[in-house]
Structures are given as C-alpha cells and as structure tokens.
Amino acid sequence: MIYNEKQTYAELFRQGCEELRAAGVGEADTDARLLLEWCLGTDRNTLLAHGDRGVSREEYDRYADAVGRRRARVPLQYITGEQDFMGLTFVVNEKVLIPRQDTEVLAEEVLRHLHDGMRILDMCTGSGCILFSLLRYSNGCTGVGVDVSEEALSVARANAERILGAQALDSMRVTLRQGDLFTGMDESDRFDIIVSNPPYIKTSVIESLMPEVREHEPRTALDGHEDGLFFYRQIIGQAGRFLQGGGMLFLEIGYDQGESVRLLMEEAGYREIEVIRDYAGLDRVVCGGKYV
Ligand code: GLN
C-alpha cells in the first residue's frame, strides 16, 4: 500500500480490498472493511457516509499494518483481538482457539439441561467461551475451567472478568486451573455437567487446513492425534469419576466422529446417549448421562 496525503477513507478501503483479494483471502472485502473500522474506530455508516474524508498518516500506518498481517493470513480475530460467541464478546490471541459458531450448538445443548446452582467443568477451556457463556446465562452456577496451557488460561482470566465481572474469580464462581486433562483435579470435586470441545482433528489432516488455522491457531488446540479420538478416549474414560450420579457429559465432535464417540460413551456405560446435529445438518455434539 502507498500513502498519499490526499487519500480518503474510500480509497484506503479500495486498496485494502485489492491487497487482500490478491493474497487469496476468502472474504477479502468484508475483512478490509472490518479492519478499516477497527483501525479508525468507526462503524460501517461512518465509512459509507464520509468516504471522502481525509486519512491521517497515523491512520494509514495502522491500516497498512493490519492489512499486512491479514495478507500473511493472520485470522481477523487475532488482529482485532476479539470474537463474538453466544452474543458475548471474548478477547482472543494466538494462544487460544478462536471461538466457533459451531461450538454455540454445544453451549446451547448444555443450556437446555442446565439448572440454577449446578456445578460445571469445562475441560480444555481455551478462551473460556463455553464456560463463561454458560455461567452468564444461568443463575448461581459455579464452574471450573481446565487447560494445559498457562498462556491460554491468562486469556481465559481476562474473559472471566470481562464476561462475569471482576469478582468472578475471587468469589470462586469460576476457578481456572492448569492441568493435563484430569491430572491435578481435586479428586473429591463432583460436577453436574462436564463439557468439552477438545482438540479433535487428525494429525494428518492439519496440513490441509486453511493457512489461518494451520499456521496461526494453536496446534495443541487442534490436534486430536493419529485418529482424532485421543482426547475423547481420555475424557470419556475419566469424566465419570468427577460426575454426580445422573450428571451429564457433553462433547463437541467433528462431522464424521458421531458414531465413534457414541460407541466410546456406550462402552463407558453412559445412558441416553444422543448425537446432535448443527445447523448445517452435520453431527456436532454427543451427550449422555452417567449411569447411577
Ligand atoms: N473450549 C474452547 C473453545 O471451544 C477451546 C477448545 C480447544 O482449544 N480445542 O473454543
């Protein structure tokens, strides 16, 4: 991109679109607009109504830098530092998976079974998007979020304060804990709901994903080892120990994992197992109740 003193918002936007299209970015024009709004602190209407407004050198530099990063296929959300999930705005960085719309199906399914005062465990919490949405949309529930990455937990901490308020962590409404799955859990702790969106992509498939995902999202949040089922085996095998009798386990799954994960849950003795589809009609969630 080239700076010139007479540049307007509209021209800057056009340059952004061209640069992102040339780099093969999927939604080039949308991203060029969102980045411009973010860099200039404006909204869509301002840009439309005042496209002829002049751009300062500082504004230009900020936009050129953002477009440059997007050209390098850094996901938009890591540039703006935010992603909406369940109608709430979460902070994100490259240490956490960007919350997905697909995962709202999981959160909504849990909400259908969640009652006031329940205790929730979110295994592999990442940004905390699942746990904090559940707590925000219920009353008197408490939750524990576990993640193997200390850096992910600092993002989760910021989100706990943002979504639930500064006291959420001190008041024990939320506890965030570093740990490799259930290791280090308090063995006497019991939950009504255990939910997880674990890494579930086969290692061999990761190289074929979009560069945004493959090169910028944390590999540990994606990689479900050789057959993609590693974390389901671990979580399904151990969750029962931490569930109340009648408690429920909810797992997000990939579109082709419904049968395998259902079988793992059956073998572990879960009851009333259901495979739930997302809005695209693909298997997305498996849930079941602990045998009593
Ligand atoms: N629980 C987080 C999410 O759903 C992170 C999941 C992960 O890192 N696999 O976004």
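Karplus-derived 3J(HN,Hα) values for segment 264-273, using 6.51 cos²θ - 1.76 cosθ + 1.60 with θ = phi - 60°, are 4, 6, 4, 4, 7, x, 5, 10, 6, 6 Hz; glycine and proline are entered as x.
Here, P(r) means the percent of Cα pairs in each 5 Å bin from 0 to the largest distance; for segment 1-113 it is 2, 12, 20, 20, 17, 12, 8, 5, 3, 2, 1, 0. The phi-based Karplus calculation (6.51 cos²θ - 1.76 cosθ + 1.60; θ = phi - 60°) puts the 3J(HN,Hα) values of segment 243-254 at 9, 5, x, x, x, 10, 10, 10, 10, 7, 9, x Hz, whole numbers, x for Gly and Pro.
Only lysines eight or more places from Lys95 in sequence, or on another chain, were considered; those with a Cα closer than 30 Å are Lys202.
Rounded, prolate or oblate, given the Cα gyration tensor of segment 204-292, with a/c below 1.5 counting as rounded?
Values: a/c = 2.48, a/b = 1.80, b/c = 1.37.
Note, shape of segment 204-292 comes out prolate.
Extent of segment 247-292 along its three principal axes (Cα atoms, max minus min coordinate, largest first): 34, 17, 12 Å. Rounded, prolate or oblate for segment 1-60? Axes are the square roots of the Cα gyration tensor eigenvalues, ordered a ≥ b ≥ c, and the cut-off for rounded is a/c under 1.5. The shape class here is oblate. Under 5 Å from the amide H of Arg173 lies no amide H of any residue 5 or more positions distant or on a separate chain, with H modelled from the backbone and absent for Pro and chain starts. For segment 64-134 versus segment 161-180, the inter-centroid distance based on Cα atoms is 16 Å. Please label the shape of segment 36-76 as rounded, prolate or oblate, based on the square roots a ≥ b ≥ c of the eigenvalues of the alpha-carbon gyration tensor (a/c under 1.5 means rounded; beyond that, a/b larger than b/c means prolate, else oblate). Verdict is oblate for segment 36-76. For segment 104-211, the calculated P(r), taken from all Cα-Cα distances in 10 Å bins from zero up to the bin holding the longest distance, is 14, 46, 31, 8, 1 percent. Each pair of Cα atoms in the chain enters the Kirkwood radius, and Stokes-Einstein at 20 °C and 1.002 mPa s then converts it into a translational diffusion coefficient of 104 µm²/s. Per-residue accessible area (protein heavy atoms, 1.4 Å probe) orders Thr142, Thr203 as Thr203, Thr142, starting from the largest.
Does anyone have the angle between helix 102-113 and the longest principal axis of the chain? Alpha-carbon axes, 0 to 90°, nearest 10? Approximately 40 degrees, to the nearest 10.
The values are calculated or read from the model by the stated rules, or taken from the named source; none is laboratory data. Every value quoted in this text rests on a predicted model; they were computed, and no experiment measured them. To get the accessible areas, we keep the full protein, side chains included, count just its heavy atoms, and leave off ligands, DNA and RNA. Shrake-Rupley method; radii C 1.70, N 1.55, O 1.52, S 1.80 Å.
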